[in-house]
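The values are calculated or read from the model by the stated rules, or taken from the named source; none is laboratory data. Please read all numbers here as calculations on a predicted model, not as lab measurements. Virtual Cβ from ideal backbone geometry, glycine too; neighbours counted across all protein chains shown. SASA here: full protein model, heavy atoms, side chains in, ligands and nucleic acids out. Shrake-Rupley method; radii C 1.70, N 1.55, O 1.52, S 1.80 Å.
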Amino acid sequence: MARRGHTLRAGSRPHGAIAAPAPHVAPAPLAPGLLTLARWRLLAMHRDAGVGHVGGNLSALDAMMLVHHEMLGASDRFVLSKGHAAGALYVTLWSRGLIAEADLATFHADGTRLPGHPPARGLPGIRFGTGSLGHGLPLAGGLALAARLQGRDGRVFCLTSDGEWQEGSTFEALIFCAHQRLANLTILIDYNRLQGFGTTEEVASLDPIGRVLAGFDVEIREADGHDLAAMRRALTPGTDRPVVVVLHTVKGHGVPALEGRLDSHYLPLTEDQVREAMLGVTGSPPTRESA
């Protein structure tokens, strides 16, 4: 029997097939209302699918939307290391017109192209399957080094969770990236301080994480991960070494019943939670055309 959320529809590409190149959309300012629309769509998608991981999706959504709408050009790359935030990535690609509404309606369902973690191939802008944490930064470092060796311009952005910095593979990758002085690499940390079974301080503290990572000869920046202007400043190109941007975020951001709660890591949304979140936004939901 096929496992829920991990099979393809009839007529879809099999795993391992090469995806057609995504149509390029030039970077442009994040339109007013579009971020709100993406948050609404993410909530509805998770509610309809009946799956969790909403908290970590909401804490990362603002940064993902900003990078994809304002910073990713034709030569740039994005790697989602915290693969359980796949929903936010799918909604972001949808907001750029790269994924259809019909696809979002199949999120995490049998036969979907949009499983709970990003697939290795078959979707525009997604180059790697990132399931187990700790794999994204090594892959992003490889992309950044390859671009330099091939003489290609462009930046590589890698979004990590705070919990995965407890993984040895992440630190090994950071050693490699710093040693190679990959100035075209920007590492974002979704620093919401909550992971699967407790706070990051309780499980394996790295506080203050910026000071810990500064010892690896990388450039450390910090910003409010829900303040677009602050993130724009923090995500400007660096100098001669990798940039690590610590984004101070709130798990479950925008959903009062979930904000800062450990159970938002796994538990799915209830109808009451979705209704409360939507009532917290003034006016009617925007549309993609009006945003």
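Couple of notes before you dig in:
Yes or no, residue by residue, for (1) open to solvent by 10 Å² or more (accessible area, probe 1.4 Å); (2) modelled with pLDDT of 95 or more; (3) in a loop (DSSP other than H, G, I, E, B); (4) out of contact with any Phe, Trp or Tyr (no Cβ under 8 Å at 6 or more places or on another chain):
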{"residue": "Leu206", "(1), (2), (3), (4)": "yes, no, yes, no"}
{"residue": "Val212", "(1), (2), (3), (4)": "yes, no, no, yes"}
{"residue": "Arg221", "(1), (2), (3), (4)": "yes, yes, no, yes"}
{"residue": "Ala230", "(1), (2), (3), (4)": "yes, yes, no, yes"}
{"residue": "Gly238", "(1), (2), (3), (4)": "yes, no, yes, yes"}
{"residue": "Arg241", "(1), (2), (3), (4)": "yes, yes, yes, yes"}
{"residue": "Leu247", "(1), (2), (3), (4)": "no, yes, no, no"}
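- Matching residues, the range 64-108, being buried (at least 22 other Cβ atoms within 10 Å of the Cβ), touching a Pro at 6+ places or on another chain (Cβ under 7 Å), assigned to a helix (DSSP H, G or I) and in contact (Cβ under 8 Å) with a residue 40 or more places away in the chain: Gly83
- Taking the range 260-281 as the range and being buried (at least 17 other Cβ atoms within 10 Å of the Cβ) and modelled with pLDDT of 70 or more as the test, the residues that pass are Leu269, Gln273, Val274, Ala277.
- Pairs linking a residue in the range 177-190 that is part of a helix (DSSP H, G or I) to a residue that is surrounded by fewer than 24 Cβ atoms within 10 Å (Cβ to Cβ), with Cβ atoms under 6 Å and 6 or more positions apart or on different chains, are Ala178/Phe216; Ala178/Asp217; Ala178/Val218.
- Members of the range 125-142 that are surrounded by fewer than 24 Cβ atoms within 10 Å (Cβ to Cβ) and modelled with pLDDT of 95 or more: Pro138, Leu139, Gly142
- Residue pairs whose Cβ atoms lie under 8 Å apart, sitting 6 or more positions apart in sequence or on different chains, and linking a residue in the range 236-251 that is more than 28 Å from Leu269 (Cα to Cα) to a partner that is basic (Lys, Arg) and open to solvent by 10 Å² or more (accessible area, probe 1.4 Å), are Pro237/Arg155; Asp240/Arg181; Arg241/Arg181; Pro242/Arg181; Val243/Arg221; Val244/Arg221; Val245/Arg221.
- Filter result for Phe157 (surrounded by 20 or more Cβ atoms within 10 Å (Cβ to Cβ), modelled with pLDDT of 90 or more, over 21 Å from Ala49 (Cβ atoms) and touching a helix residue (DSSP H, G or I) at 6+ places or on another chain (Cβ under 6 Å)): yes
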